[in-house]
1. Which GluC sites (Glu not before Pro) does the stretch 125-212 hold that lie in a coil by DSSP with at most 14 other beta carbons within 10 Å?
2. Stretch THR71-SER186 to full length: gain in nm at 0.36 nm per residue minus the Cα-Cα span?
3. List the residues whose amide H sits under 5 Å from the amide H of VAL90, counting only those 5 or more places along or on another chain, with H placed 1.01 Å from N in the peptide plane.
4. Between ASP86 and ASP51, take the C-beta separation as r, use R0 = 22 Å, and let me know the FRET efficiency to the nearest 0.05.
5. In which sequence would PHE152, PHE115, PHE134 go, from the one with the fewest C-beta neighbours within 10 Å to the one with the most?
6. Arrange the following residues from fewest to most other Cβ atoms within 10 Å of their Cβ: ARG104, ARG109.
7. Kindly state, to the nearest 0.05, the FRET efficiency for VAL193 paired with PHE134, given R0 = 35 Å and r defined as their beta-carbon distance.
8. Quote to one decimal, in nm, the extra length available between ARG207 and LYS177 on full extension: 0.36 nm per residue of separation minus the C-alpha distance between them.
Amino acid sequence: MKKTAVVVSTIWALLWGSSGEISSAQSKGSGPHAVDIDPPTTSSVRSQKVDLPAQGERIVLIGNGLAERDTWFSRIEPELHLRFPDHELVYRNMARPGDTPGFRPHASRGSQWAFPGAENFHPDLQHHEGIGFFPTPDQWLHFLKADTVLAFFGYNESFDGEDGLAKYEAELTAFVKHTLSKAYNSKQAPRLVLVSPIAFEDLSATRSCLMG
């Protein structure tokens, strides 16, 4: 137990300083979290046509639980490396259940909004008590130098039914415009791939499964 306590204390001191406050390394952006630097505005946009990944392409997943679950089942990343073994692809999964195009809550983040104006789409979700130095969604994409962004959205919003469709379309459009205005890799805007929710079919009439 003593050895464990010493190890934990040492790690705590390295990350936070002996006082328990944020260390100078973290305040300068060199701590255990991503550097808090916003991506530059782009002057060019990468072609959005369907194409094979480039050599050394950096692919980042964002979005809801559909993408996040792949951190458990690992279907996407192995398949990419199997199909393109010599491309030296870089793959990161930043998805979190409950995320929407504009609403990305995090307890250690000062703002829960992914881009300016996103708060207008969720007047019922204005309350936020997050505090800390966790990077914003844009800062993470810039830190990871994203060349391609796979965005998994739509399932959470489907529970609003047809009445929420117009709001979701507006929020998604604002997200796309914002994403394609940033050069996360410091060169040009990323290729943006929108991934819809998985297909759903009620088979309860013919199969032994729950309705809906």
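1. Within the stretch 125-212, the qualifying GluC sites (Glu not before Pro) (loop, at most 14 other Cβ atoms within 10 Å) are GLU129, GLU201.
2. Difference between extended and current length: 38.7 nm.
3. Under 5 Å from the amide H of VAL90 lie the amide H atoms of GLU57, ARG58, ILE59, each far enough along the sequence or on another chain.
4. E(calc), rounded to 0.05, equals 0.85.
5. On the way: PHE152 23, PHE115 20, PHE134 16.
Sorted ascending by nearby Cβ count, the order is PHE134, PHE115, PHE152.
6. Numbers: ARG104 22, ARG109 19.
If I rank by nearby Cβ atoms, fewest first, I get ARG109, ARG104.
7. 0.90
8. 6.5 nm
Since every read-out is calculated from the coordinates, none of them should be taken as a lab result. No experiment lies behind these values; they were computed from the predicted model shown. Virtual Cβ from ideal backbone geometry, glycine too; neighbours counted across all protein chains shown.
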